[in-house]
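Notes to accompany the following structure.
The values are calculated or read from the model by the stated rules, or taken from the named source; none is laboratory data. Keep in mind the model is a prediction, meaning the values are calculated, not measured. When we count neighbours, we look across all protein chains shown, and the Cβ atoms used for this are built from the backbone with ideal geometry, even at glycine. Ligands, DNA and RNA are stripped out before the accessible areas are found, and what is left, the full protein with its side chains, is counted by its heavy atoms. Shrake-Rupley method; radii C 1.70, N 1.55, O 1.52, S 1.80 Å.
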Amino acid sequence: MASNRTFTMIKPDAFEAGNSGAILKMIEEAGFKIIAVKATQLTPELAGKFYEVHAARPFYADLCKYMSSGPIIAAILEKENAVEDFRTLIGATNPANAAEGTIRKIFAKSIEANAVHGSDSDENAAIEGSFYFSQFERIS
Ligand code: GDP
């Protein structure tokens, strides 16, 4: 059964550009409820841990540097079919390929600085949410 929660980050490019509010508005208007939210900044080590699954990919070092380059907003979101619906809302990894009206199409700067993260499975949504939030920091 599909989980009703996913995890997102508003990435440093979008935070720095002052687009966090507009992105959160799009997320809420698409029917997602914010279950937990915080502004924070990753260290390169923590970014490396979060993206460990990509450790073998050629862009891993750049990605860790970029994701720790400035503040981010982390959030857990709730909606029926959350993971899949959120991936549709954010659009393709590369904004050049993202559908019109998606968050990445509107706000992303490049394939790396692509405005938002969205979990790719129910399992990863749970792991990623726990990476940032204890049970006392989220609506249970
Ligand atoms: P996502 O699930 O759509 O976020 O994409 P992936 O899991 O494949 O990649 C994770 C993140 O790594 C992306 O959101 C980008 O920030 C970055 N990334 C992915 N592909 C590339 C690439 O080819 N070059 C660079 N520099 N960064 C990339």
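Aliphatic (A, V, I, L, M), open to solvent by less than 20 Å² (accessible area, probe 1.4 Å), more than 22 Å from G31 (Cα to Cα) and not in a loop (DSSP other than H, G, I, E, B), is that true of L77?
Numbers: aliphatic (A, V, I, L, M): yes; open to solvent by less than 20 Å² (accessible area, probe 1.4 Å): yes; more than 22 Å from G31 (Cα to Cα): no; not in a loop (DSSP other than H, G, I, E, B): yes.
The answer is no for L77.
Which of the residues spanning the stretch 38-63 are among the charged types (D, E, K, R) and within 22 Å of S121 (Cα to Cα)?
At the first step, the residues of the stretch 38-63 found to be among the charged types (D, E, K, R) are 38, 45, 49, 52, 57, 62.
Answer for the stretch 38-63, where residues must be among the charged types (D, E, K, R) and within 22 Å of S121 (Cα to Cα): K38, K49, E52, R57.
Could you list all residues from the stretch 99-123 that are on the phi < 0 side of the Ramachandran plot, crowded, with 16+ Cβ neighbours inside 10 Å and outside any strand (DSSP E or B)?
T102, I103, R104, K105, I106, F107, A108, E112, A113, N114, S119, D122
For the stretch 30-73: of the residues being in a helix (DSSP H, G or I) and among the charged types (D, E, K, R), which is least open to solvent (accessible area, probe 1.4 Å)?
Taking the candidates together, the pick is D62.
Could you please find all residues in the stretch 80-98 being β-branched (V, I, T) and either crowded, with 16+ Cβ neighbours inside 10 Å or outside any loop (DSSP other than H, G, I, E, B) (or both)?
V83, T88, I90, listed by residue number.
Checking the conditions here, which among F59, F32, F7 is among the aromatic types (F, W, Y), within 22 Å of F133 (Cβ to Cβ) and without any contact (Cβ under 8 Å) to a residue 60 or more places away in the chain? If you could, list the steps in order and put the result at the bottom.
Details: F59 fails: within 22 Å of F133 (Cβ to Cβ); F7 fails: without any contact (Cβ under 8 Å) to a residue 60 or more places away in the chain.
The unique qualifying residue is F32.
Being within 16 Å of A14 (Cβ to Cβ) and more than 16 Å from the ligand (Cβ to nearest atom): is that true of K38 here?
Yes; evaluated as a whole, the condition is true for this residue.
Can you pull out the residues in the stretch 125-140 that are outside any loop (DSSP other than H, G, I, E, B) and open to solvent by less than 50 Å² (accessible area, probe 1.4 Å)? Let's see the steps before the verdict.
So the first thing to find is which residues in the stretch 125-140 are outside any loop (DSSP other than H, G, I, E, B), and the list is 125-132, 135-137.
Those that are outside any loop (DSSP other than H, G, I, E, B) and open to solvent by less than 50 Å² (accessible area, probe 1.4 Å): A125, E128, G129, Y132.
What are the residues in the stretch 87-101 that are out of contact with any helix residue (DSSP H, G or I) (no Cβ under 6 Å at 6 or more places or on another chain) and either within 11 Å of the ligand (Cβ to nearest atom) or more than 15 Å from E29 (Cα to Cα) (or both), if any?
Listed by number, the residues that qualify are R87, A92, T93, N94, A96, N97, A99, E100.
Collect the residues in the stretch 10-29 that are more than 15 Å from the ligand (Cβ to nearest atom), over 12 Å from the mean Cα position of the chain (by Cα) and part of a helix (DSSP H, G or I), keeping them in residue-number order.
G21, A22, K25, M26, E28, E29
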